[in-house]
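First comes the structure, then the notes that go with it.
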């Protein structure tokens, strides 16, 4: 699913998925389309990598706080995590 390739499915799966058996696909598209599919997959993965890296870099301080706390305690409750990353402004009531 991309603007370049549209909302089509390329390749037809044959047979049921079974443990240890590969899924066979029928190539019902040209070599040029295969190249376009590879380019689109590469583009999408690259864009997502850049976005994920940006999110991690932007939130590095929060992630380091969280990592330090996990090293201290090993197990954190959801409310404590929210407080550490700034989703909740005050500690949960005990």
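Here are the numbers for the structure shown:
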quantity: Failed condition for residue 40, given (1) out of contact with any strand residue (DSSP E or B) (no Cβ under 6 Å at 6 or more places or on another chain); (2) part of a helix (DSSP H, G or I); calculated: (1)
quantity: Per-region count, region 24-49, residues in contact with a helix residue (DSSP H, G or I) (Cβ under 8 Å, 6 or more places away or on another chain) and at pLDDT 90 or above; calculated: 0
quantity: Residue within region 50-59 that is part of a loop (DSSP other than H, G, I, E, B) and in contact with a helix residue (DSSP H, G or I) (Cβ under 7 Å, 6 or more places away or on another chain) present; calculated: no
quantity: Hits in region 60-80 (condition: loosely packed, with under 10 Cβ neighbours inside 10 Å, at negative phi and outside any helix (DSSP H, G or I)); calculated: 75
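The values are calculated or read from the model by the stated rules, or taken from the named source; none is laboratory data. Because the structure is predicted, anything quoted here is derived from the model rather than measured. We place every Cβ from the backbone using ideal geometry, glycine too, and count neighbours over all the protein chains shown.
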